[in-house]
1. I'm trying to understand the selection: among the residues of the stretch 31-51, which are in contact with a Leu (Cβ under 9 Å, 6 or more places away or on another chain) and either more than 23 Å from residue 218 (Cβ to Cβ) or within 16 Å of ligand 2 (Cβ to nearest atom) (or both)?
2. Quick one: in the stretch 151-176, which of the residues that are within 16 Å of ligand 2 (Cβ to nearest atom), over 16 Å from residue 72 (Cβ atoms) and part of a helix (DSSP H, G or I) is nearest to the chain's Cα centre (by Cα)?
3. Looking only at the stretch 178-194, decide whether some residue is within 16 Å of ligand 2 (Cβ to nearest atom), out of contact with any strand residue (DSSP E or B) (no Cβ under 8 Å at 6 or more places or on another chain) and assigned to a helix (DSSP H, G or I).
4. Condition first: within 14 Å of ligand 2 (Cβ to nearest atom), within 30 Å of residue 254 (Cβ to Cβ) and either at pLDDT 95 or above or surrounded by fewer than 17 Cβ atoms within 10 Å (Cβ to Cβ) (or both). Can you find one or more residues in the stretch 140-149 that meet it?
5. Take the stretch 186-205 and flag every residue that is in contact with a Leu (Cβ under 7 Å, 6 or more places away or on another chain) and crowded, with 20+ Cβ neighbours inside 10 Å.
6. Yes or no: the stretch 11-26 includes at least one residue that is at pLDDT 95 or above and away from ligand 1 (no atom under 14 Å from the Cβ).
7. Can you name the residue in the stretch 97-120 that is of a type in the set (A, V, I, L, M, F, W, C) and either more than 14 Å from residue 190 (Cα to Cα) or away from ligand 1 (no atom under 16 Å from the Cβ) (or both) and is also surrounded by the most Cβ atoms within 10 Å (Cβ to Cβ) among such residues?
8. Answer yes if at least one residue in the stretch 44-57 is at pLDDT below 95, of a type outside the set (Gly, Ala, Ser) and under 18 Å from residue 139 (Cα atoms), and no otherwise.
Amino acid sequence: MSVTDQAFVTLATNDIYCQGALVLGQSLRRHRLTRKLVVLITPQVSSLLRVILSKVFDEVIEVNLIDSADYIHLAFLRRPELGLTLTKLHCWTLTHYSKCVFLDADTLVLSNVDELFDRGEFSAAPDPGWPDCFNSGVFVFQPSLHTHKLLLQHAMEHGSFDGADQGLLNSFFRNWSTADIHKHLPFIYNLSSNTMYTYSPAFKQFGSSAKVVHFLGSTKPWNYKYNPQSGSVLEQGSASSSQHQAVFLHLWWTIYQNNVLPLYKSAQAGKAHASPGHRMIDCPEIETPAVITCDPLSQPSPQLADFTETETTLQPANKVESVPSEETFEPSQELPAETIRDPSLQDALEVDLAVSVSQISIKEKVKELSPEEERRKWEEGRIDYMGKDAFARIQEKLDRFLQ
Ligand code: UDP
Ligand code: MN
C-alpha cells in the first residue's frame, strides 16, 4: 500500500552530507518503502549529486533561504548563526504532504518504520545526553506554513539554546517531555551511536530491536576507514566503543558500496553523451566540487590497487597488538541476535568490505606523517587513519585516478 500524501524527509546542505542522505534513502528502500522520499538541499549541492539524489528520492527540493519569503529572509539576516537550523525548519513547508517523518542524513534505517506515521506532531525520541529533551535527528511532524512561521518567529525571538535546531525545537515544543507519552518515540527509533557504549548493558539487551541508528556527533560514517586486511572498520576511542557500532558502520558502508556507488556509474554514463564540461543541471553560482567520475568497483585500476596497502601503516604496531582486529572489530561477534536474523543485514555482512574500503584508502596523507608523528598522534588520541575529511579526499583521489 502506497501512501502518497506522507513522506520521509531528510536534509543535505553539501555533497558530503548527500552521501549520508543517499545511504539513508537506500536503507529506507530496502524495507518495503510505502511513503514518498524527499530530500531538501541547498544551492551548494553540486549538479552531479542532484542527479544522483534524484535516482533515490522522489523529490529533490532546493531550499534557498535568501530567496525565500521576506520573513524567512529577515530571520536569517537577524540571526545568521541559525542558518542551518532554519534550513531544517523548511521541512514544515512541505504542505503537499499531510504528515512526514524527518530523519537526519546521518541516520540509517534497519527495518520498516511505517508505524511512525501513526504518531502525531511532535513525536521524537529522548536525547541520550539530556533525556528531558528530545533528539531532533528523527521526528514526526505535520507540514504547515503556520507552524513554520511560528517556528521562525520563535527562532528570531529566542534563538536556540544550543545554537542548532534541537535547542530551538525543544523550546518550541517544550511540553514534549510531560504532555503525551505517545509523542515519546521509543529509543529504538533513534538509537544514537554514543549510547551504545555509554550504557552498554542496555545496548546488549535492547540493541537487537533497533530500527533507526543515528551516527550522532562529530564523527560520521563517511569519516571512517576500513582495515583492508580484516575488512573491519576502524574507530577512534576505546575498543569497547567500537564493538557495538562496528556492525552498523559495516552496514552503512555496505549500502554505500552496493546501492550508492553504482548510481555514480550510471550518472557518469549519462554524462558521457554530453559535451566535455557540460553540467547536467545548471547551477551557475556554485563551483562544482570534485566528483567521483566513475564506479571504482567495476573498474579496478592498478593505481588504486597500489594505494590500498596503506592501512596497516596507520596503526602503530604496538597498539595494534593491544587491539586485535578479530576480537575487537569482528562484526559477527557483536551482532545482536535479532539483527542477525535480518536477511538484508546478513547479506550486507557477507559482502567483502575489504575490497571497497581498500580502494578508498588514502595513502598520500599517510605518507606525509613520520612514524614519530603518527605515534604521537596515536598517543594523544588523535588517530589520523579516520581523517575527518576522509570523504573529500576519497573524492579527490577517485577523481584523479579514474578519469
Ligand atoms: N546537515 C547538513 N549539512 C551540514 C550539517 C548538517 O545537511 O553541514 C543536516 C544533515 O541532515 C544532518 C542534520 O543537518 O544529519 C543535523 O546535523 P548532524 O547530523 O551533523 O548533527 P548531530 O546529529 O551530530 O547532532
Ligand atoms: Mn544527526
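The values are calculated or read from the model by the stated rules, or taken from the named source; none is laboratory data. Not measured: the values here are computed from a predicted model. In this analysis, Cβ positions are derived from the backbone assuming ideal geometry, glycine residues included, and neighbour counts consider all displayed protein chains.
1. So the first thing to find is which residues in the stretch 31-51 are in contact with a Leu (Cβ under 9 Å, 6 or more places away or on another chain), and the list is 31, 35, 37-42, 45, 49, 51.
Scanning the stretch 31-51 gives 31, 35, 37, 38, 39, 40, 51.
2. Out of the qualifying residues, it is 166.
3. So in the stretch 178-194, the residues within 16 Å of ligand 2 (Cβ to nearest atom) come out as 185, 187, 189-194.
Right, trim to out of contact with any strand residue (DSSP E or B) (no Cβ under 8 Å at 6 or more places or on another chain) and you get 194.
This time we only want the ones that are assigned to a helix (DSSP H, G or I), so: none.
No, the conditions are met nowhere in the stretch 178-194.
4. Taking the stretch 140-149 first, the residues within 14 Å of ligand 2 (Cβ to nearest atom) are none.
Among the residues of the stretch 140-149, not one is within 14 Å of ligand 2 (Cβ to nearest atom), within 30 Å of residue 254 (Cβ to Cβ) and either at pLDDT 95 or above or surrounded by fewer than 17 Cβ atoms within 10 Å (Cβ to Cβ) (or both), which makes the answer no.
5. If we filter the stretch 186-205 for residues that are in contact with a Leu (Cβ under 7 Å, 6 or more places away or on another chain), which is where we start, we get 189, 192-194.
Passing the criteria: 189, 192, 193.
6. Yes, the stretch 11-26 has at least one match.
7. In the first step, residues of the stretch 97-120 are kept if they are of a type in the set (A, V, I, L, M, F, W, C); the result is 100-103, 105, 108-110, 113, 116-117.
Cutting the leftovers down to either more than 14 Å from residue 190 (Cα to Cα) or away from ligand 1 (no atom under 16 Å from the Cβ) (or both) gives us 100, 110, 113, 116-117.
Numbers: 100: 25, 110: 22, 113: 20, 116: 22, 117: 18.
This residue is 100.
8. Kept after step one, since they are at pLDDT below 95, are these residues of the stretch 44-57: 44.
Adding the requirement that they be of a type outside the set (Gly, Ala, Ser) leaves 44.
Next, from what is left, pick out any that are under 18 Å from residue 139 (Cα atoms): none.
No - not one qualifying residue is present in the stretch 44-57.
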